[in-house]
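Participant: Got a structure here, written out as structure tokens. Questions coming.
The values are calculated or read from the model by the stated rules, or taken from the named source; none is laboratory data. Because the structure is a prediction, the values reported are computed rather than measured. Here the Cβ is made from the backbone with ideal geometry for all residues, glycine too, and neighbour counts use every protein chain on show. Note: accessible area is taken over every heavy atom of the protein model, side chains too, but ligands, DNA and RNA are not part of it. Shrake-Rupley method; radii C 1.70, N 1.55, O 1.52, S 1.80 Å.
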Amino acid sequence: MNNFLNTINDVITDGKNSGILHLNVSNETLEGNILQINKKDLVNFSSCSYLGLEFDPRLKAGAIKALEGYGTQFSASRAYLSSIHYHQLEEKLNKLFGGYVVVTPTTTLGHISTIPVIIGEKDAVILDHQVHSSIQTATSLLKPKGNHIELLRHNRMDILEERIIQLSKKYEKVWYMADGIYSMYGDGAPIDRIYELLDKYSKFHFYVDDAHGMSCFGKNGRGFVLQFHDLHEKMVLTTSLNKAFASGGGAMVFPNEKMASLVRTCGGPMITSGPMQPAALGAALAAADIHLSKDIIKMKEDLQENIKYANLMIKKAGLPLIKELNSPVFFIGVGLPKVGYQLIKKMLDDGYYTNLGAFPAVPMKNTGVRFTITRLHTFKQIEGMITSMAYHFDKVLEEQNFSRDQIMKAFKLENSNDSRSEENSKYLIKPSNLVLEKYQSISEIDKEEWNKIFENKGSFDYNGLLFLEDTFRNNKLQQDNWEFDYLIIRDKNKNVVLATFFTTALCKDDMLSHETISHKIEIIRKTVDPYYLTSKMVMTGSLLTEGNHVFINEKSSYKKQAFNEMYWMASALMKKYNASSIMLRDFDDGNPELDKMMLGNGYFKTQMPERNTHSNLGWKTEEEFVSSLSYKSRYHLRSQILKYNPIFECKVIAEPTKEQADHWYKLYNEVKNNSFKLNTFDLPKKLFYNISKSKNWEVLSICLKEGQDFKEVAVIFNYKSGETYNAMFIGIDKTNKFEFSVYRQSLYQIVLRANALNCKSINLGFTASLEKRRLGAQSFKTVAYMQSNDHFNAAVIESMQITSKQSINVYEGENSVI
């Protein structure tokens with residue numbers, strides 16, 4: 001959640017600093033659709049008042065009449081008193097919609113009033129992936145009741161029907177919740193198909209928010225959903241009176257009076273929240289009269305003419321419109337936030353105000369320019385705005401090193417024709433005079449040069465990568481087969497500007513989620529589908545390495561261009577391997593310049609577990625080491641570790657047998673299967689056999705004395721790179737009674753072994769930072785930057801309720817990853 005909020009804050013703050021968000025209108029009086037911002041007149045293409053009724057003299061007169069009659073407010077809960085306007089308005093809306101209407105102060109409060117009341121404890125709820133956040137907020141109130149709630153991929157009626165059939169076997173009702181017209185892309189729900197399902201399945205019910213369809217479609221402007229249908233008996237329609245209706249509040253439309261009465265009497269905000277104020281009610285009454293008159297026909301026709309003209313101009317300009325519908329909401333894809341910022345700024349300079357469609361409303365890579373068309377726009381204004389956008393579009397793309405093809409790929413609009421992403425040549429000379437070298441095996445790269453860059457950084461020196469390639473290729477299980485790709489970028493003098501390696505592997509989407517969420521998901525994986533909520537990921541580094549996987553020459557003037565080329569390659573690999581996401585990982589936290597650059601290129605920052613390194617080495621005796629620690633650490637070492645030394649024996653196993661490797665695999669799994677701190681797939685048994693044959697790897701065996709014998713209770717798998725000792729993962733016998741001290745003893749033996757090998761540092765990996773700091777290690781905050789083509793799985797994980805930490809046994813020291 002902190003990562004999510006921080007990303008939102010970064011996006012909004014960046015937009016604010018770019019001068020396109022959190023702006024203030026300076027007009028004392030508005031005239032039509034002209035706004036004044038920073039002393040500049042702008043044509044407003046952001047209004048959701050699609051019919052322009054806010055300037056209609058009848059609405060103004062209605063507001064004034066109610067204001068003069070009741071004052072500025074009528075402050076009473078509707079559970080006690082309602083002004084005369086409420087009853088009048090609900091009667092008119094009953095006629096308009098052909099149902100039973102309850103008017104609420106806002107649509108959001110309407111959802112909060114309605115959903116917890118109409119959804120029974122034995123009902124299931126299916127949320128469309130893109131349903132409005134106000135419905136998702138209201139649905140979260142069902143969780144204490146234990147309702148089954150799940151997400152559906154956007155508008156996937158085939159999957160919806162499957163889920164209706166399955167859930168109907170267990171639940172009394174199955175509710176599908178969606179929007180009529182979706183607020184970002186302007187696409188609509190498949191209403192005809194949903195009505196077919198309502199008629200076909202007796203337990204299926206429909207809850208829909210038609211806020212953006214209200215007034216623009218259907219008889220008397222009753223909306224997109226009811227454009228060709230009457231209100232269904234198993235359906236609740238909700239809409240906003242605060243958009244094209246130009247007044248305020250929300251309308252909940254029910255198929256029967258009993259349901260409407262239940263919400264009116266039991267809906268929380270209907271009892272505790274204040275009402276709509278007289279002026280808004282007066283305006284709404286006037287708007288209702290207009291909708292019930294013939295005037296609405298001409299208004300809708302005028303709006304549709306403007307919408308048709310906008311679609312025509314967009315086609316003529318060749319702009320990438322994401323969804324073409326006869327709705328007043330338009331979304332031109334630009335792909336990356338930095339492109340959206342610059343394009344909107346250029347259009348502001350030309351006198352046109354549009355909106356940035358960005359995260360969290362859309363995925364980071366699906367940023368776009370969102371604009372709306374209203375009845376008040378003239379053809380000249382529409383043509384001017386689209387001409388301005390078209391003029392700047394390709395220029396901004398070129399400035400930001402982005403392409404139309406990448407936009408098409410991000411929105412999955414058509415097949416890519418970009419030769420750059422399909423380039424198979426190992427050596428590419430770029431216009432900036434950078435030379436890109438691409439390889440698929442470390443064996444193709446000069447060993448001495450690679451080690452000069454990456455030796456002592458982690459377990460990904462030359463031999464370490466040979467080991468990984470051998471281990472994670474040609475295996476039976478898909479999660480045990482990784483793709484390897486290497487990138488070296490040089491300047492014209494052949495100096496390395498950037499170097500890294502990528503692996504592409506099947507990952508668990510909850511890898512970095514809270515342990516309680518992973519615990520829930522693992523139950524489903526064990527009982528239903530072992531690959532539930534998994535997807536391919538392209539990452540710098542690998543699932544078995546940690547450290548700074550990206551070398552960048554900070555002194556190079558080509559640094560930024562090199563990063564751009566790395567983004568290109570990561571995106572190309574995502575397409576090549578049909579991956580869903582990219583993770584550029586293990587960067588040091590606290591680099592605002594890097595944060596901004598990553599954000600502009602569509603990567604959101606997420607916190608990684610702390611990394612721990614130990615450099616307090618070179619001492620001659622154990623006592624010298626002990627004396628170098630703080631007072632508290634010395635006490636801990638003596639009381640919790642040295643106290644037990646006599647009953648432990650540590651051995652370095654040089655040439656283990658197959659039986660030993662099998663036993664180690666069992667110990668590893670005893671830890672792995674009870675740990676969700678970093679939820680990854682189990683390592684393959686082949687890895688343990690390969691370790692026994694590798695000169696760079698060694699295994700520390702911790703044995704516990706039992707009478708005259710010693711029993712192996714822990715094994716630690718370590719990799720030596722140059723003068724750095726890398727503690728990789730651990731296995732512990734969970735049946736012994738000294739289990740807690742075994743882990744501490746293991747950490748201590750790692751420190752002793754690294755010092756004996758004359759190493760200068762130890763990489764102690766993620767998690768258990770407190771235990772490691774007690775032995776003199778330092779902890780560092782690291783971050784990853786992620787980009788995704790598919791946010792559906794992430795949304796599923798986010799929707800899961802996080803329960804108390806006490807619901808599962810979590811001890812951060814007992815993670816299979818050291």
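Participant: Just to be sure before I move on: is Leu319 open to solvent by 30 Å² or more (accessible area, probe 1.4 Å) and touching a residue at least 60 places away in the same chain (Cβ under 8 Å) in the structure I sent?
Facilitator: In short, no.
Participant: Only one of (1) in contact with a His (Cβ under 6 Å, 6 or more places away or on another chain); (2) touching a residue at least 60 places away in the same chain (Cβ under 8 Å); (3) among the hydrophobic types (A, V, I, L, M, F, W, C) is not met by Ala138, so which one is it?
Facilitator: Tallying (1) in contact with a His (Cβ under 6 Å, 6 or more places away or on another chain); (2) touching a residue at least 60 places away in the same chain (Cβ under 8 Å); (3) among the hydrophobic types (A, V, I, L, M, F, W, C), Ala138 fails exactly one: (2).
Participant: I'm trying to understand the selection: among the residues of region 330-367, which are assigned to a loop (DSSP other than H, G, I, E, B) and at pLDDT below 95?
Facilitator: Answer for region 330-367, where residues must be assigned to a loop (DSSP other than H, G, I, E, B) and at pLDDT below 95: Leu336, Ala358, Phe359, Pro360, Ala361, Val362, Pro363.
Participant: Go through (1) surrounded by fewer than 21 Cβ atoms within 10 Å (Cβ to Cβ); (2) at pLDDT 95 or above; (3) more than 23 Å from Gln787 (Cβ to Cβ) and name the single condition Leu468 misses.
Facilitator: (1)
Participant: Can I ask one more? Give the residues of region 17-32 that are among the acidic types (Asp, Glu) and touching a residue at least 12 places away in the same chain (Cβ under 8 Å), sorted by residue number.
Facilitator: Across region 17-32, there are no qualifying residues.
Participant: For region 104-216, which strands (runs of 3 or more DSSP E) that fit wholly inside it have 1 or more residues that are farther than 21 Å from Val253 by Cβ?
Facilitator: The strands (runs of 3 or more DSSP E) meeting that bar are 123-128, 148-152.
Yes/no per residue for (1) surrounded by fewer than 20 Cβ atoms within 10 Å (Cβ to Cβ); (2) among the polar types (S, T, N, Q):
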position	(1), (2)
Lys693	yes, no
Glu706	yes, no
Ile716	no, no
Thr724	no, yes
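Participant: Sticking with this one: Quick check: anything in region 26-35 in contact with a helix residue (DSSP H, G or I) (Cβ under 7 Å, 6 or more places away or on another chain) and either surrounded by 15 or more Cβ atoms within 10 Å (Cβ to Cβ) or at pLDDT 95 or above (or both)?
Facilitator: No, that holds for no residue.
Participant: With respect to Lys122, determine if the residue is basic (Lys, Arg) and more than 40 Å from the chain's Cα centre (by Cα).
Facilitator: When the stated conditions are applied, Lys122 does not pass them.
Participant: Restricting to region 543-578, count the residues that are among the polar types (S, T, N, Q), assigned to a loop (DSSP other than H, G, I, E, B) and within 21 Å of the chain's Cα centre (by Cα).
Facilitator: 1
Participant: Condition first: touching a residue at least 24 places away in the same chain (Cβ under 8 Å), closer than 22 Å to Ser273 by Cβ and in a helix (DSSP H, G or I). Now tell me which residues in region 42-101 satisfy that.
Facilitator: Answer for region 42-101, where residues must be touching a residue at least 24 places away in the same chain (Cβ under 8 Å), closer than 22 Å to Ser273 by Cβ and in a helix (DSSP H, G or I): Ala63, Ala66, Leu67, Tyr70, His85, Tyr86, Gln88, Leu89, Leu93.
Participant: Starting from residues that are among the acidic types (Asp, Glu) and more than 16 Å from Tyr785 (Cα to Cα), keep the ones in region 527-563 and report whichever is surrounded by the fewest Cβ atoms within 10 Å (Cβ to Cβ).
Facilitator: For region 527-563, the residue satisfying everything is Glu554.
Participant: Which of (1) modelled with pLDDT of 90 or more; (2) surrounded by 18 or more Cβ atoms within 10 Å (Cβ to Cβ); (3) over 30 Å from Ile521 (Cβ atoms) is the odd one out, the single condition Arg638 does not satisfy?
Facilitator: Against the list (1) modelled with pLDDT of 90 or more; (2) surrounded by 18 or more Cβ atoms within 10 Å (Cβ to Cβ); (3) over 30 Å from Ile521 (Cβ atoms), Arg638 comes up short only on (2).
Participant: Restricting the first residue to region 585-601 and requiring it to be over 19 Å from Val538 (Cβ atoms) and among the acidic types (Asp, Glu), which pairs with a second residue that is open to solvent by less than 40 Å² (accessible area, probe 1.4 Å) and at pLDDT 90 or above meet a Cβ separation below 7 Å and a spacing of at least six or different chains?
Facilitator: Asp588/Thr782; Asp589/Thr782; Asp589/Val783
Participant: Of the residues that sit in region 265-289 and are over 30 Å from Thr374 (Cα atoms) and part of a helix (DSSP H, G or I), which one is most open to solvent (accessible area, probe 1.4 Å)?
Facilitator: So, considering only residues that are over 30 Å from Thr374 (Cα atoms) and part of a helix (DSSP H, G or I), the one most open to solvent (accessible area, probe 1.4 Å) is Thr272.
Participant: With Lys705, Lys693 as the choices, which residue is basic (Lys, Arg), more than 29 Å from Pro609 (Cα to Cα) and in a loop (DSSP other than H, G, I, E, B)?
Facilitator: After applying the criteria, what remains is Lys693.
Participant: What residue, of Leu376, Leu428, Leu413, is aliphatic (A, V, I, L, M), in contact with a Gly (Cβ under 8 Å, 6 or more places away or on another chain), modelled with pLDDT under 90 and open to solvent by 20 Å² or more (accessible area, probe 1.4 Å)?
Facilitator: Residue meeting the stated conditions: Leu413.
Participant: Spot the failing condition for Thr354; the list is (1) open to solvent by 20 Å² or more (accessible area, probe 1.4 Å); (2) touching a helix residue (DSSP H, G or I) at 6+ places or on another chain (Cβ under 7 Å); (3) under 15 Å from Met389 (Cα atoms), and only one is missed.
Facilitator: (1)
Participant: Kindly indicate which of Leu312, Leu262, Leu292 is aliphatic (A, V, I, L, M) and loosely packed, with under 15 Cβ neighbours inside 10 Å.
Facilitator: The unique qualifying residue is Leu312.
Participant: Follow-up. Considering only residues of region 36-76 that are of a type in the set (S, T, N, Q) and within 39 Å of the chain's Cα centre (by Cα), which is most open to solvent (accessible area, probe 1.4 Å)?
Facilitator: By that ranking, first place goes to Asn38.
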